[in-house]
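Okay, structure first, notes after.
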Amino acid sequence: MIVVMKSDATEKDIENVVNKLKEVGLEAHISKGKYRTVIGVIGDEELIANLPLAIYPGVEKVMPVLKPYKLVSREFQEEDSFYEIRGSKIGAGYFGLMAGPCSVETVEQTISTAKFVKKCGANFLRGGAYKPRTSPYSFQGLGKEGLKILAQAREETGLPIVTEVMDVRDVELVSNYADVLQIGARNMQNFLLLTEVGRQEKPVMIKRGFSNTVEEWLMAAEYVAKAGNKKIILCERGIRTFETSTRNTLDISSIPVVKGLSHLPVIADPSHASGRSDLILPLSLAAVAAGADGLLIEVHPNPKEALCDGPQSLNFEKFEELALQIKEILPRFSKKIQ
Ligand code: PEP
Ligand code: MN
C-alpha cells in the first residue's frame, strides 16, 4: 500500500502517518518527490486495510501497489532515482560509464586501465577482487589484496570503485573499500546476501541472473530496499537462451520494460552478455538507444593475457573508440556523463 501525501502536507502530517504505522507494527518507507511525499507501507495487508489512513490530515489518497515489488516500483516513486557517488552521477539523465578489468590482476594492470578509461570519459572503475568462476581451478581473484589495489587506483584517479561481493562474510570488508557493491548474476537470488548489502550505506548494483525474469530481478532489488538501502542500480547482463553464437543474449527489451516498472537506474553489460569483444560497440549503442542509464564494459591492457574474460575485453584502443561513440550519441537521448 502507498500513502500519497498532498503537495501542501506538512512535516507534522507526514510524521503523524509514520507514527501511526509504526505504532501498529508496520514499516514506513518515505519517498520525498519534487512535488509530493509518498509513504510506502510494508507489512500485514489486513492490518493496513483496517487503518483509516485516508482521513489523516495531509493525506491525498491511499492506493494498493498491485505488483509484488513495492519500494522499487514506479508507483512508490514516480521520478527516476539519482545517486552521486564520489562526484560521479548516475540516473535521472546522468550516465554511468563503468569500465575496467574483469579481475584485478596487478597494480600496474589496474592503475593503467583506470587512468586510461578515466581519460576516455569513464566515471566509474569496475574490477573484480572476488571472482565467481565456473571452474574451481580457474583464477578466483586476489581477494583483499585486489580491494587494496582498487583503492589505490581510486586514490590515483578519483574514480569510484564498483566491485563484487560474493559472500555474506565479506560484506563488511568489501564495503570498507568499494563505492558500489556489485551483486553478481549467480547471487541475484542469494536472499541473505541481498539483505546484508541492504543494511550497508554503499549503493548496490544488482546484476540480473541469467535465468531470472524481470519480476524476479525487481524482487531481488526489493530485498535490498526493504533492508533499508534504497540506492540500487540494476544491470542487464544477458540471459540464457538457445542461441550459441553469443555467451548469453542481451535482453535489450528488459531495459525499457524495467524503466517503466521501476524508478531505479538500469545499465547494460554487453561484455558478459555477448562474451565477444567485437559485439561490445553495437550492443552498447543499442543499450543507449533503449534507454540505459549506463554501461559496464570490461577493459584490459592486453586482453589475450587476461586471467579472466579476455575474449570479451576491449583493449585501450577499442575502448577509446567506444567511449567516443557513446559520448557522441548521449545528448540525442538526453543523457550526459558527469
Ligand atoms: C562480472 O561483472 O565480472 C561478473 C562476474 O558478472 P556476472 O555476475 O554478470 O557474470
Ligand atoms: Mn568478467
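The values are calculated or read from the model by the stated rules, or taken from the named source; none is laboratory data. Fair warning: this is a prediction, and the values are worked out from it, not measured in the lab. Cβ sites come from the backbone with ideal geometry, for glycine too, and all protein chains shown count toward neighbours. Side chains are part of the model used for accessible areas, which takes the heavy atoms of the whole protein and leaves out ligands, DNA and RNA. Shrake-Rupley method; radii C 1.70, N 1.55, O 1.52, S 1.80 Å.
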| task | For region 310-338, enumerate the residues that are crowded, with 16+ Cβ neighbours inside 10 Å, touching a Ser or Thr at 6+ places or on another chain (Cβ under 7 Å) and within 20 Å of GLY127 (Cα to Cα). | result | GLN312, SER313, LEU314, LYS318, LEU322
| field | The one condition in (1) outside any strand (DSSP E or B); (2) charged (D, E, K, R); (3) modelled with pLDDT of 95 or more that GLU84 fails to fulfil | value | (1)
| Given the conditions (1) without any contact (Cβ under 8 Å) to a residue 60 or more places away in the chain; (2) open to solvent by 10 Å² or more (accessible area, probe 1.4 Å); (3) polar (S, T, N, Q), which single one is not true for THR110? | (2)
| message | Looking for something part of a helix (DSSP H, G or I), open to solvent by 10 Å² or more (accessible area, probe 1.4 Å), of a type in the set (Gly, Ala, Ser) and more than 15 Å from ligand 1 (Cβ to nearest atom) - is there at least one such residue anywhere in region 285-295? | response | yes
| Meets criteria (out of contact with any His (no Cβ under 6 Å at 6 or more places or on another chain) and either crowded, with 16+ Cβ neighbours inside 10 Å or modelled with pLDDT of 95 or more (or both)) for TYR35 | no
| Right, VAL104: closer than 29 Å to ILE337 by Cβ and within 16 Å of ligand 2 (Cβ to nearest atom) or not? | yes
| said: Among (1) open to solvent by 20 Å² or more (accessible area, probe 1.4 Å); (2) within 29 Å of GLU108 (Cβ to Cβ); (3) in contact with a helix residue (DSSP H, G or I) (Cβ under 8 Å, 6 or more places away or on another chain); (4) not in a loop (DSSP other than H, G, I, E, B), there is one condition ASP278 misses while meeting the rest; what is its number? | reply: (3)
| field | Filter result (open to solvent by 20 Å² or more (accessible area, probe 1.4 Å), among the small types (Gly, Ala, Ser) and either within 18 Å of GLN182 (Cβ to Cβ) or within 12 Å of ligand 2 (Cβ to nearest atom) (or both)) within region 119-138 | value | SER138
